[in-house]
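Below is one structure, written out as structure tokens; comments come after it.
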Amino acid sequence: MPALQPLPAPSTVLVTGANGYVGTWVLKTLLSRGYTVRAVVRSQSKVTELKALFTSTAEETGSGKLEFTLVADLGEEGAYDDAVKGVDGILHLASPLARPSEDPDEIIQPAVNGTVGILKSALKNAGNLKRVVIISSIAAVISPRSEPTTFSEDDWNDIAVKNIEKAKERIVAGEPSGVSRFDVYSASKTLAEQAAWEFYKTNKDSIGWDIVTVNPPFIYGPPLYPVASPSDLGGTQGMWYGTVISNSPDNTKEGLGLSSANGWVDVRDISEALVRALEKAEAGGERIIVSAGTSSLNPIDFGERLIHSTLGSYIWQEWIDVANKLLPSVAPETSYSLTKGYPELTASEVVYPIKLDTRKEEQILGVNFRSIEETTKDILVGAVQQGWV
């Protein structure tokens, strides 16, 4: 393994997926530390949007410098060859989202090719490079189990990969694939991350840099970029808003209970973790789960009952409970009524089917994570300011 030093500002960091939900917060975090940030975007219109965003938040983004490079097709061979030249670090955040398709390779192959492609470009053209940090997902770690399970960095979601292999066999046989979007997403994250580690191990002796993969669970919290209406909230933002504020038709008792259990992390905290993964020498060569933790919170007082929540694992009913408690203080004059869900789901301590071992993150990155209350409050404040609540 090459000897590494933390990346001191004003080092230059390349960021792919720079205009996304996580990407914009990562840009802000890097700029506030004084880095020169080279943002990869696919079109000139995204350059214009990011320039406007970071001009409006200049007081909060410090002395860093923001520059741009256009890469129209992230999966094209050599797409990043010019972008990586002269950079000290790379944060690879870009990845296709799962969309309805009978062919899972329409999502999986671009994810794998994009990840391996940027490593190939780095191998050929990034002489100053010290580290590549790749955002993967907890979907590459966890898999369905019949009993409560604690997952660690040693686990891989081989079940999703096997499900995709079976779906491909059905396609070849002329049958419907029967593949789920979540399996496609999970397999894309698993295979892309495994391909990154395989590339690194194969070329380890001929490169002067190392890699880190970061595996967050569901990411919630306020967006940094302007959003015109709730319908424009995509991904996990839309999921949170639809469940907690808009009272989605999917808010069944089962859907708000243990079937929804998973880990979570605030978007601002995962952005901090990604930057620390660049800066901490001891992170080199590591796979790190970054979740809000699994140690117990002080119980949340709801009068006659206590919510014994955990920082890292949750069920949707907990978010609904917290939002109902906070809304009167956040918006005392609002007439908006939030769904109450099914309070009996949290009337006693919840036994979560999924827990995440976050000891490596605590030892290496040491992020001070926001609580469910803090994240919920900030989302509600934003919704009130937008006139949505």
Original post:
Has region 210-223 got any residue that is of a type in the set (Val, Ile, Thr), assigned by the TED database to the domain that holds Ala18 and farther than 21 Å from Ser137 by Cβ?
Top reply: no
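Can we say Ala283 is assigned by the TED database to the domain that holds Lys51 and of a type in the set (A, V, I, L, M, F, W, C)? Outline the logic, then answer.
Details: assigned by the TED database to the domain that holds Lys51: yes; of a type in the set (A, V, I, L, M, F, W, C): yes.
Yes.
So for region 181-193 (the condition being surrounded by fewer than 22 Cβ atoms within 10 Å (Cβ to Cβ) and without any contact (Cβ under 8 Å) to a residue 60 or more places away in the chain), does at least one residue qualify?
To start, the set of residues in region 181-193 that are surrounded by fewer than 22 Cβ atoms within 10 Å (Cβ to Cβ) comprises 181-182, 191.
From what is left, the residues that are without any contact (Cβ under 8 Å) to a residue 60 or more places away in the chain are none.
No, that holds for no residue.
If a residue has to be open to solvent by 10 Å² or more (accessible area, probe 1.4 Å) and within 23 Å of Glu272 (Cα to Cα) to count, how many in region 143-153 make the cut?
Our first condition is that a residue be open to solvent by 10 Å² or more (accessible area, probe 1.4 Å); within region 143-153, this holds for 143-150, 152-153.
Narrowing further to those that are within 23 Å of Glu272 (Cα to Cα): 152-153.
Residues meeting the conditions: 2.
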Original post:
Can you find a residue in region 125-133 that is at pLDDT below 95, open to solvent by less than 80 Å² (accessible area, probe 1.4 Å) and over 30 Å from Gly86 (Cα atoms)?
Top reply: no
**OP:** Name every residue in region 335-379 that is free of Cβ contacts under 8 Å to residues at least 60 places away in the same chain and open to solvent by less than 30 Å² (accessible area, probe 1.4 Å), in order of residue number.
**Re:** Thr346
**OP:** Among the residues of region 241-290, count how many are assigned to a loop (DSSP other than H, G, I, E, B), open to solvent by less than 20 Å² (accessible area, probe 1.4 Å) and farther than 21 Å from Asp321 by Cα.
**Re:** 2
Original post:
Looking at this structure, is Phe182 modelled with pLDDT under 90 and of a type in the set (A, V, I, L, M, F, W, C)?
Top reply: yes
Original post:
Since Asn298 meets every condition but one in (1) surrounded by fewer than 16 Cβ atoms within 10 Å (Cβ to Cβ); (2) in a loop (DSSP other than H, G, I, E, B); (3) among the polar types (S, T, N, Q); (4) at pLDDT 90 or above, which condition does it not meet?
Top reply: (4)
Original post:
Are there any strands (runs of 3 or more DSSP E) wholly within region 21-119 with 3 or more residues that are modelled with pLDDT of 90 or more, buried (at least 23 other Cβ atoms within 10 Å of the Cβ) and of a type outside the set (A, V, I, L, M), and if so which?
Top reply: none
**OP:** Give the residue that is farthest from Val322 (Cα to Cα), with candidates limited to residues of region 219-239 that are touching a Ser or Thr at 6+ places or on another chain (Cβ under 9 Å) and outside any loop (DSSP other than H, G, I, E, B).
**Re:** Pro230
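Can you pull out every residue in region 198-218 that is closer than 19 Å to Asn157 by Cα and either outside any helix (DSSP H, G or I) or touching a residue at least 24 places away in the same chain (Cβ under 8 Å) (or both)? Steps first, please.
As a first pass, look at region 198-218 and keep what is closer than 19 Å to Asn157 by Cα: 198, 212-218.
Residues satisfying the conditions are Val212, Thr213, Val214, Asn215, Pro216, Pro217, Phe218.
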Subject >> Hits in region 154-180 (condition: surrounded by 14 or more Cβ atoms within 10 Å (Cβ to Cβ), of a type in the set (A, V, I, L, M, F, W, C) and free of Cβ contacts under 8 Å to residues at least 24 places away in the same chain) >> reply: Ile159
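The values are calculated or read from the model by the stated rules, or taken from the named source; none is laboratory data. Not measured: the values here are computed from a predicted model. Neighbour counts are summed over all protein chains in view; Cβ atoms, including those assigned to glycine, are modelled from backbone coordinates with ideal geometry. Please note that ligands, DNA and RNA were not included when accessible areas were found on the heavy atoms of the full protein model with its side chains. Shrake-Rupley method; radii C 1.70, N 1.55, O 1.52, S 1.80 Å.
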